[in-house]
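Worksheet: one structure, shown below.
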Amino acid sequence: MGAGHAHLEVLRRLATEPRAGVELTLVSAADRHHYSGMVPGFLQGLYDEREIAFDLPALAAKAGGRFVQARATALDPVARAVHLEDGTELGYDLVSFNVGSRSAGDQEESVRRNASLVKPMSRAAELRRRIEELANEPEPRAVVVGGGAAGVEVACAIAAVLSVADVAGCRRQVTILEGSEAILGGYSDRFRVRAEAVLADKRIAVRTRSKVQRVEPDAVRIDDGSRLPSGLTVWLTGAAAWPLFEPSGLPVDERGFLRVDDALRSTADKRVFGAGDCVTLVSRPDTPKAGVYAVREGPILWRSLLAALDGGTPPRYEPQSSFLSLLNTGDGKALLRYKGVVSHSRWAWRLKDRIDRGFMARYR
């Protein structure tokens, strides 16, 4: 269920190491999976859609399976079935979820009606069109709700596109709204200060302690009573769970994410697996909802599925203590953080581009 980072590895392994007697079904709401690491570059116009998207029917076929384009609405672990939005259900012996997460608050009516969403990533093409339209307005104004890594990258991408209009005499305005005391929660103060300087240099305003009360067609209402004009509002708040797991009766955390053990199995049902943003590791519940962890989980998930098929000893996943973080700033540079190193440079962008293109090549 889903074609996230971890499942791309499972599909690759099934293509290179076929398993006799295994019937594979890949289910996804869209027939293409857009790689999140390259979406900001796509929004900016650096990549075309073919460069950042995986053809899911083709990947399923390579893995010897079939592809079903549908959205899952419910999981029934007793009947061992997943219910789809068209009313059909798929039975399973083993089921694995790598469906990512939603943006918190995206079900609010004003958000659904008036904001642009990035998650699921298949919405990236529509957002790029909206940005290009905004660039044609005499005073283009955009608001990005959410000051995490994705919010910073998308704000920089929007600013890069609108800067063309700015040069032509239009006064553009891009603002990041963050509800907490600072942007880039989870990052070091040193990295945050560097990022804030980059944003200031690009004339991207940052407003912290600003919780959105309502999104209007042409503005954002903030809980302090102020109204911020916006021709484009992008909703990129923190991760929220899909309403799949809690009704199933399987253990979930306080936010509704599926609880899994170190072998990436449901703590209550060894036939149900999960990886990436949609799960919480019981032994390490503080593991961030970030793609770099899902990439590392891919080989563990594959080995865990093999153990379930063959009766072997399941592996144990140990999240990495630190990871390389690269944020595209829309100017041919990237912000880099790795252990004690912080940089904003062209070489960091070249490194990011090489890593991202390598990821796409590995799983196509």
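The values are calculated or read from the model by the stated rules, or taken from the named source; none is laboratory data. Owing to the predicted nature of the structure, the values given are computational and were not obtained by experimental measurement. Methodologically, a virtual Cβ is constructed for each residue, glycine included, from the backbone with ideal geometry; neighbour enumeration extends over all protein chains shown. Heads up: the accessible areas ignore ligands, DNA and RNA and are worked out on the full protein's heavy atoms, side chains in. Shrake-Rupley method; radii C 1.70, N 1.55, O 1.52, S 1.80 Å.
Would you check if there is a residue in region 34-53 being surrounded by fewer than 22 Cβ atoms within 10 Å (Cβ to Cβ), in contact with a strand residue (DSSP E or B) (Cβ under 7 Å, 6 or more places away or on another chain) and among the hydrophobic types (A, V, I, L, M, F, W, C)?
No, because not a single residue in region 34-53 is surrounded by fewer than 22 Cβ atoms within 10 Å (Cβ to Cβ), in contact with a strand residue (DSSP E or B) (Cβ under 7 Å, 6 or more places away or on another chain) and among the hydrophobic types (A, V, I, L, M, F, W, C).
Test residue 232 against the stated conditions and say whether it is closer than 25 Å to residue 327 by Cβ and in contact with a helix residue (DSSP H, G or I) (Cβ under 6 Å, 6 or more places away or on another chain).
Numbers: closer than 25 Å to residue 327 by Cβ: yes; in contact with a helix residue (DSSP H, G or I) (Cβ under 6 Å, 6 or more places away or on another chain): yes.
So residue 232 fits the description; yes.
Can you find, within region 204-258, the residue that is nearest to residue 72 (Cα to Cα) among those that are polar (S, T, N, Q), open to solvent by 20 Å² or more (accessible area, probe 1.4 Å) and in contact with a Ser or Thr (Cβ under 8 Å, 6 or more places away or on another chain)?
237
Residue check: is residue 325 within 22 Å of the chain's Cα centre (by Cα) and among the small types (Gly, Ala, Ser)? Don't jump to the end; show me each part of the working.
Numbers: within 22 Å of the chain's Cα centre (by Cα): yes; among the small types (Gly, Ala, Ser): yes.
The answer is yes for residue 325.
For region 124-158, what are the residues that are in a helix (DSSP H, G or I) and open to solvent by less than 10 Å² (accessible area, probe 1.4 Å)?
Looking only at region 124-158, we keep the residues that are in a helix (DSSP H, G or I), and these are 124-134, 149-158.
124, 127, 131, 134, 151, 152, 154, 155, 156, 157, 158, listed by residue number.
For residue 316, are the conditions met, namely being within 27 Å of residue 80 (Cα to Cα), touching a Pro at 6+ places or on another chain (Cβ under 9 Å) and open to solvent by 10 Å² or more (accessible area, probe 1.4 Å)?
Answer is no for this residue.
Do we have residue 54 as among the aromatic types (Phe, Trp, Tyr), under 17 Å from the mean Cα position of the chain (by Cα) and farther than 29 Å from residue 259 by Cα here?
Numbers: among the aromatic types (Phe, Trp, Tyr): yes; under 17 Å from the mean Cα position of the chain (by Cα): yes; farther than 29 Å from residue 259 by Cα: no.
Criteria not met by residue 54.
Return the only residue of 78, 27 being surrounded by fewer than 21 Cβ atoms within 10 Å (Cβ to Cβ), modelled with pLDDT of 95 or more and on the phi < 0 side of the Ramachandran plot.
After applying the criteria, what remains is 78.
Just give me the residues in region 218-244 being more than 25 Å from the chain's Cα centre (by Cα) and either more than 17 Å from residue 179 (Cβ to Cβ) or basic (Lys, Arg) (or both), in sequence order.
So in region 218-244, the residues more than 25 Å from the chain's Cα centre (by Cα) come out as 218-219, 221-229.
Correct list: 218, 219, 221, 227, 229.
Determine, yes or no, whether residue 364 is surrounded by fewer than 21 Cβ atoms within 10 Å (Cβ to Cβ), in contact with a helix residue (DSSP H, G or I) (Cβ under 9 Å, 6 or more places away or on another chain), modelled with pLDDT under 95 and over 30 Å from residue 204 (Cα atoms).
Values: surrounded by fewer than 21 Cβ atoms within 10 Å (Cβ to Cβ): yes; in contact with a helix residue (DSSP H, G or I) (Cβ under 9 Å, 6 or more places away or on another chain): yes; modelled with pLDDT under 95: yes; over 30 Å from residue 204 (Cα atoms): yes.
The answer is yes for residue 364.
May I ask you to list the residues in region 106-116 that are in contact with a Ser or Thr (Cβ under 9 Å, 6 or more places away or on another chain) and either surrounded by fewer than 20 Cβ atoms within 10 Å (Cβ to Cβ) or among the polar types (S, T, N, Q) (or both)? Lay out the reasoning, then the answer.
Filtering region 106-116 down to residues in contact with a Ser or Thr (Cβ under 9 Å, 6 or more places away or on another chain) leaves 106, 111, 114-116.
Answer for region 106-116, where residues must be in contact with a Ser or Thr (Cβ under 9 Å, 6 or more places away or on another chain) and either surrounded by fewer than 20 Cβ atoms within 10 Å (Cβ to Cβ) or among the polar types (S, T, N, Q) (or both): 106, 114, 116.
Can you tell me which residues in region 325-346 are open to solvent by less than 10 Å² (accessible area, probe 1.4 Å), in a strand (DSSP E or B) and touching a residue at least 40 places away in the same chain (Cβ under 8 Å)?
Applying the first criterion (open to solvent by less than 10 Å² (accessible area, probe 1.4 Å)) to region 325-346 yields 325, 327-329, 334-336.
Retained after the next criterion (residues that are in a strand (DSSP E or B)): 325, 327-328, 334-336.
Hits for region 325-346 are 325, 327, 328, 335.
Which strands (runs of 3 or more DSSP E) does region 178-291 wholly contain that include 1 or more residues that are under 23 Å from residue 8 (Cβ atoms) and without any contact (Cβ under 8 Å) to a residue 60 or more places away in the chain? Steps first, please.
Details: elements: 204-207, 212-216, 219-222, 227-229, 232-235, 258-260, 272-274, 279-281.
In region 178-291, 258-260, 279-281 are the strands (runs of 3 or more DSSP E) which contain 1 or more residues that are under 23 Å from residue 8 (Cβ atoms) and without any contact (Cβ under 8 Å) to a residue 60 or more places away in the chain.
Out of all the residues in region 89-104, is one or more over 30 Å from residue 263 (Cβ atoms) and modelled with pLDDT under 95?
First, pick out the residues of region 89-104 that are over 30 Å from residue 263 (Cβ atoms): none.
No, region 89-104 contains no residue that is over 30 Å from residue 263 (Cβ atoms) and modelled with pLDDT under 95.
Can you name the condition, by its number, that residue 21 falls short on among (1) on the phi < 0 side of the Ramachandran plot; (2) surrounded by fewer than 21 Cβ atoms within 10 Å (Cβ to Cβ)?
Result: residue 21 passes all but (1).
Take residue 294 and tell me if it is of a type in the set (Gly, Ala, Ser) and buried (at least 19 other Cβ atoms within 10 Å of the Cβ). Spell out the reasoning first.
On the way: of a type in the set (Gly, Ala, Ser): yes; buried (at least 19 other Cβ atoms within 10 Å of the Cβ): yes.
The answer is yes for residue 294.
Scan region 62-100 residue by residue and report those that are β-branched (Val, Ile, Thr), under 24 Å from the mean Cα position of the chain (by Cα) and not in a strand (DSSP E or B). Let's see the steps before the verdict.
Within region 62-100, the first condition is being β-branched (Val, Ile, Thr), and the residues that meet it are 68, 73, 78, 82, 88, 95, 99.
Add one more test, that the residue is under 24 Å from the mean Cα position of the chain (by Cα), and what stays is 68, 73, 82, 95, 99.
99 - this is the single residue of region 62-100 that is β-branched (Val, Ile, Thr), under 24 Å from the mean Cα position of the chain (by Cα) and not in a strand (DSSP E or B).
What do you reckon, is residue 345 over 19 Å from the mean Cα position of the chain (by Cα) and closer than 19 Å to residue 282 by Cα?
Numbers: over 19 Å from the mean Cα position of the chain (by Cα): yes; closer than 19 Å to residue 282 by Cα: no.
So residue 345 does not fit the description; no.
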